[in-house]
Amino acid sequence: MLSRHVLLAVLLLHTMTGLKLHVTTFNTGDTFPREDISPLLGLDYDPDIVSIGFEELGDTDAWENEADRILSKRGYYRIKLNTMSIMQLVVFAKKDHLPFISHIETEYTKTGFGGTYGNKGGTSVRFRLYDKTIAIVNSHLSAHMDQVQIRDEEYWNIISEQDFEDPTTPHLYDHDYLIWSGDLNYRIELNNSEVRKSIGAGKHLDLLHYDQLYQEKLAGHAFIGFHEADITFPPTYKFNPETDIYDTSEKQRVPSWCDRVLWRIKREREEIVSVLNWGGDGGSDTDSMSSITLSMSDLSGGECEADGIGPSNMR
C-alpha cells in the first residue's frame with residue numbers, strides 16, 4: 001500500500017468546447033511509489049492536459065518516472081518538467097493539442113530557510129493553449145500552526161518573484177487562468193480535541209470558520225482574487241501511515257485541510273466559471289484525495305496558429 005502520507009488534490013477544468021485540464025498534487029512524504037499509482041491520479045477519463053505536482057520527494061525521479069510510464073501508455077506526451085530540490089511539477093498533453101501549445105516557460109521560488117533552500121516554495125509551468133494563457137503553480141508552504149503569516153509571505157514571494165518572457169503575461173497574475181495547488185499547510189486554528197470531536201460527530205463543516213486559509217483570504221492577506229469550491233469533506237491531514245486514523249504520534253497534529261486547489265481567472269472572464277462538483281476521500285490509501293470540476297467556456301476559441309511543439313521533442 002502507498003503511505004498514508006501521500007497527499008492528493010485534483011483540479012479538473014471542463015470547458016464548453018470539451019477541453020479538459022486535470023491538475024494533481026501529491027505530498028509523497030519522502031516515500032517511493034511501491035505500487036501502481038494509477039488510482040491516485042483519478043484519471044477514469046481522458047483529459048486533454050494533465051499536470052502533476054510532487055512535494056517532499058525521497059527520489060526526484062521515481063514518482064515522475066511512474067507518472068510518465070502511466071501517462072505515455074495512454075497517449076500523453078510530456079511538455080515540461082520543472083524540478084526544485086525535492087519538489088516537482090510535470091505537465092503532459094494529448095498529441096492532438098501539441099501544435100497549439102507554445103511559449104512554455106518555467107519558474108521556481110525557494111522559500112525554505114530564508115529563501116535559500118527549495119524544500120518549501122513554489123514551482124510553476126506556464127504556456128499558451130490555443131489563444132489563452134495558463135499558469136499552474138504547485139507549492140509547498142511552511143508547516144506548523146503558528147506559521148500562518150510566514151505562509152502568507154511565501155505566497156507573496158512566489159507571486160512577486162516569478163517573471164516570464166512572454167510580454168503579454170510577464171507575471172503570474174497576468175494569465176487568463178492561474179491555477180494554484182499544493183500542500184499549502186494552512187491549519188484549523190482550534191484546540192485539537194475540539195477539532196477531533198467535531199469530526200467524530202460529523203460536524204466538520206463547523207470547522208471551516210477556523211480554517212486559516214479561509215481567514216487569510218477573507219482578510220485580504222493572501223490568495224486575493226482566488227476562488228475555491230465549498231469544502232464538504234472532513235480534513236485531509238494528517239493520518240497515521242496506511243490508516244484512516246488521525247495522527248496519534250507524539251506530535252498529535254491537529255486535523256486540517258492542508259491540501260488545496262484554487263483558481264484565479266482574469267476579471268473580464270470570471271463570469272464563465274462555475275463549479276460542477278467538489279469532493280474528498282480521506283479513507284483511501286492516501287492521506288487525502290480531493291477533486292474539483294469547473295465549467296469554463298471558450299478556452300480554445302478565437303484565432304490561433306499551429307506553431308507549437310511536436311511529439312518528437314517531448315521525451
How far apart, in nanometres, would the label points at I224 and D59 be if each is projected 7 angstrom from Cα along the Cα-to-Cβ direction?
4.4
Taking the Cα centre of the stretch 114-179 as origin, work out the dipole magnitude from +1 charges on Lys and Arg Cβ and -1 charges on Asp and Glu Cβ, in debye rounded to 20.
240
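Ranked from highest to lowest mean number of other Cβ atoms within 10 Å per residue, what is the order of the peptides 106-113, 162-169, 212-219, 24-31?
The packing order, highest mean first, is 24-31, 106-113, 212-219, 162-169.
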In whole percent, how big is the carbon plus sulfur part of the accessible area of the stretch 130-197, probe 1.4 Å, protein atoms only?
50
Here the Cα Rg-to-2.2 N^0.38 Å ratio for the stretch 99-209 is 1.34
Going residue by residue through the stretch 73-83, the Karplus relation 6.51 cos²θ - 1.76 cosθ + 1.60 with θ = phi - 60° gives ³J(HN,Hα) values, rounded to whole Hz and with x marking Gly or Pro, of 5, 9, x, 9, 10, 6, 9, 6, 10, 10, 10
Need the full-extension length gain, D30 to M145, defined as separation in residues times 0.36 nm minus the C-alpha distance. One decimal, nm.
39.3 nm
How big is the stretch 36-107 along each principal axis, measuring the range of its Cα positions in Å and listing the largest first?
34, 30, 15
Taking θ as phi - 60°, what are the ³J(HN,Hα) couplings along the stretch 138-153 by the Karplus curve (6.51, -1.76, 1.60), each to the nearest whole Hz, with x for Gly and Pro?
10, 9, 10, 9, 4, 8, 5, 4, 8, 9, 4, 5, 5, 4, 4, 5
So how far apart, in nm, are the two label points at S193 and R69 if each is 7 Å from Cα heading toward Cβ?
4.8
SASA check, R260, accessible area w/ 1.4 Å probe, all protein chains in place, rounded to nearest 10 Å², comes out at 10
P(r) tail for the stretch 24-164, what percent of Cα pairs lie past 18 Å?
57
Over the stretch 195-236, give the accessible area per residue in Å² for a 1.4 Å probe, as an integer.
51
Below 24 Å, Cα to Cα, which lysines can K120 reach? Residues fewer than 8 away in the same chain don't count.
K80, K110, K217, K238, K251
Note on the stretch 181-224: contact order normalised by length, alpha-carbon pairs under 8 Å, 6 or more apart, percent, works out to 37
Base-10 log of normalised Debye intensity for the stretch 203-242 (one unit scatterer per alpha-carbon) at q = 0.14, 0.18, 0.20, 0.32 Å⁻¹:
-0.40, -0.61, -0.71, -1.14
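The values are calculated or read from the model by the stated rules, or taken from the named source; none is laboratory data. This structure is a prediction, so every number in the text was calculated from the model and none was measured. Don't worry about glycine lacking a Cβ; one is built from the backbone with ideal geometry, like all the others, and counts go over all protein chains shown. Only protein heavy atoms, including side chains, enter the accessible area calculation; ligands, DNA and RNA are left aside. Shrake-Rupley method; radii C 1.70, N 1.55, O 1.52, S 1.80 Å.
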